Protein chains: 2
Amino acid sequence: MSVKILTIKEDILGANEEKAKTNQELLDKHHILMINIMSSPGAGKTSLIIQTIKRFKGKTRIAVIEGDIASTIDADKVSKQAIPVIQINTVGACHLDANMIKKALDNLALEQTDLVLIENVGNLICTAEFALGAHKKIMLLSVPEGDDKPYKYPLMFTEAEVVLVNKIDVLPYFDFNVSAFSKAVSGLNPTARIFPVSAKTGEGLEPWFSWLEDAIKQKTSTA
Amino acid sequence: MSVKILTIKEDILGANEEKAKTNQELLDKHHILMINIMSSPGAGKTSLIIQTIKRFKGKTRIAVIEGDIASTIDADKVSKQAIPVIQINTVGACHLDANMIKKALDNLALEQTDLVLIENVGNLICTAEFALGAHKKIMLLSVPEGDDKPYKYPLMFTEAEVVLVNKIDVLPYFDFNVSAFSKAVSGLNPTARIFPVSAKTGEGLEPWFSWLEDAIKQKTSTA
């Protein structure tokens, strides 16, 4: 059975890759940067997105695509920031795919957008496998999850360009070794940027904002 | 594309269901209780298993099956308890399946086993879909993940017979409303037992141990 699944998976991933490319071409035509944000359930993706919107509002036109199996809880929170939000309910699927993102992009005013933030489904596994057409993949790993996660979920940590270590405000209450964690990430992905942050208190977010600002500039300078 | 995936998925799930039944028949023949333990990454499955082994050691012969995409970190921890541990590395797959469990059972001395604890891959989505042949499905939701998870991952909360709210030792540092959470779980799954615990400090574990003891008795009384 395993060989059979593998073949199906490769076909699905291949078709998805093609659609992801088309999405990126569409974004490039409009000089829009798109970022795929991934993590386990409850690691703080929504809080990071809200902090980021607050910081960039007024100078960068942001839209958000929210991925969830069910509910619009996160989309409702984000939409309070008065920016366009598209909710995708995957109805059981453990990740977003390029097709879903295409439909979301079709519902956004692209000529009035600079940055699209995608909040993927809460999952450290499947989400890393499916290209969406995003220019950057980033992930959050929250302190309560433990510092051994790079060894257990290597693909995610290999794919992410930025790893935000979130919830550092609760570091005193958990056995989490930030330097051991950083070493494990660097072993898998030597160029990954690692930012310890608290999306709740705002601590440590400056390097993330700078990184994002540079990425936006790089994209708009190709206009 | 979505319809095509669905068909494939149904075929896979159907074939898996058959194998799960065969697993359960094998266990029943040996009067063994098997429990499938599921959660997000880092919610505390391994710690719960270790606490459970410590409590039941001497009176119940326990074996553990550890599921991970990669690494033997958890199996190494559990094997320090001097009980049989089988590690399954799924090499990318986001859940265990009945076939993997069959192979693990073939490597256990079943006539010397009363209880098999399965630590599934860290994932709130895919793991809930695949029957393994376990008599009971239980899950952990840790306080840092947030109390809104039943709305976002309904299948897992519908399938679990017991929901352990883990890491209650850090409740003061998080906005987690235990009664709102319990209400959400009961809405999906009225008969689910909800036990607030700390697998780290041991707080609140008695009701879980009692539940497990009853389940073991029920199984061995059918001997």
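Every number in this text was worked out from the coordinates using simple rules, so none of it is lab data. Computed from a predicted model, the values in this text were never measured in an experiment. All Cβ positions, glycine included, derive from the backbone under ideal geometry; neighbour counts span all protein chains shown.
Based on the alpha-carbon gyration tensor of the protein assembly as shown and its eigenvalue square roots a ≥ b ≥ c, which shape applies: rounded if a/c is under 1.5, prolate if not and a/b is larger than b/c, or oblate?
It comes out prolate by the Cα gyration axes.
Taking Rh as the Kirkwood radius, which is the inverse of the mean 1/r over Cα pairs, what is the Rg/Rh value for segment B:2-220?
Values: Rg = 16.8 Å, Rh = 17.7 Å.
Checking Rg against Rh, the ratio lands at 0.95.
Which helices of chain A meet both criteria: a Cα extent of 15 Å or more along the helical axis and a mean Kyte-Doolittle score no lower than -0.5, with helices taken as whole DSSP H segments?
A:45-56, A:178-188
Placing a label point 7 Å from Cα toward Cβ, how far apart in nm is A:Lys136 from its equivalents in the other copies, listed shortest first to one decimal?
When each copy's label point is compared with this one, the spacings are 4.7 nm.
Sticking with the crude label model, points 7 Å out along Cα→Cβ, report the distance from A:Gln218 to B:Asp214 in nm, one decimal please.
Once both label points are built, they end up 5.8 nm from each other.
In nm, one decimal, shortest first: how far is the label point of A:Glu111 (7 Å from Cα along Cα to beta carbon) from the matching points in the other copies?
7.9
Just to check I understand the Karplus step: with θ = phi - 60° and J = 6.51 cos²θ - 1.76 cosθ + 1.60, what whole-Hz values come out for segment B:78-83, glycine and proline as x?
5, 5, 5, 7, 6, 10
Starting from a label point 7 Å past Cα on the Cβ side, list the distances from A:Pro172 to the same position in the other copies, nm, shortest first.
1.0
Efficiency by 1/(1 + (r/R0)^6): what FRET value for A:Lys103 and B:Ala70, r their Cβ-Cβ distance, R0 = 30 Å, to the nearest 0.05?
The value I calculate is 0.35.
Rounded, prolate or oblate: which fits segment B:131-218 when a ≥ b ≥ c are the square roots of the eigenvalues of the alpha-carbon gyration tensor, with rounded for a/c under 1.5 and prolate only if a/b beats b/c?
Judged from the Cα gyration tensor, segment B:131-218 comes out oblate (a/c at least 1.5, b/c at or above a/b).
I want to check the label-to-label distance for A:His30 and A:Thr158. Put each point 7 Å from Cα in the C-beta direction and report it in nm to one decimal.
Distance between the two pseudo-spin positions: 3.3 nm.
Please report how far the C-alpha centroid of segment B:191-223 lies from that of segment A:18-78, rounded to the nearest whole angstrom.
With segment B:191-223 and segment A:18-78 each reduced to a Cα centre, they are spaced 41 Å.
Would you mind getting me the FRET efficiency between B:Glu17 and B:Ser186? Use the beta-carbon distance for r and R0 = 22 Å, nearest 0.05.
Given R0 = 22 Å and the Cβ-Cβ separation, E is 0.20.
Rank B:Ala43, B:His30, B:Ala82 by how far each Cα sits towards the positive end of the charge dipole of segment B:27-123 (+1 on Lys, Arg Cβ; -1 on Asp, Glu Cβ) and give me just the farthest.
Comparing the listed Cα positions along the dipole, B:Ala82 ranks first.
Let me have the 222 nm mean residue ellipticity of chain B computed from DSSP H runs of 4+ only, each contributing -39500 (n - 2.57), with the sum over all residues rounded to the nearest 500.
-12500 deg cm²/dmol
May I ask you to derive the relative contact order of chain B, considering only C-alpha pairs under 8 Å and at least 6 residues apart, and to give it as an integer percent?
25 percent
Who wins for biggest fluctuation among B:Phe174, B:Phe56, B:Phe157 in a Gaussian network model of chain B, springs between alpha carbons below 10 Å?
Ranking B:Phe174, B:Phe56, B:Phe157 by mean-square fluctuation puts B:Phe174 first.
Identify, for chain B, the residue whose C-beta comes nearest the rotation axis onto chain A, and round that distance to whole Å.
B:Pro144, 2
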